[in-house]
Amino acid sequence: MNEFIEMGGYARYVWSAFGISLTVLAATVWLTRRNLRLTRERLARRLQSAGELSA
């Protein structure tokens, strides 16, 4: 198991690459969900405003 974790001497590069990739993927998911929520809120305000104008 220790050999696997050491990755034949390349552990520092391999594990840092995994860590950076995981961080980027998590940030992408978080930012996408945040953007979706903000867009839905903005659309709801526009629809509500348009409904008030036509009423």
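Each reported figure results from applying straightforward, stated rules to the coordinates on display, with no laboratory input. Remember, predicted model here, so these are calculated numbers, not experimental data. Glycine gets a Cβ as well: all are built from the backbone with ideal geometry, and neighbour counts include every protein chain shown.
Observations, loosely collected:
- Between residue 16 and residue 2, full extension at 0.36 nm per residue minus the direct alpha carbon distance yields a gain of 3.3 nm.
- Note on 1, 7: ascending count of other Cβ atoms within 10 Å places them as 1, 7, the fewest first.
- Inter-label distance, nm, simple model (7 Å from Cα along the C-beta direction), residue 25/residue 53: 4.4
- With the charge dipole of the chain set up from +1 on Lys and Arg Cβ and -1 on Asp and Glu Cβ about the Cα centre, the Cα lying farthest toward the positive end among the listed residues 25, 43, 10 is that of 43.
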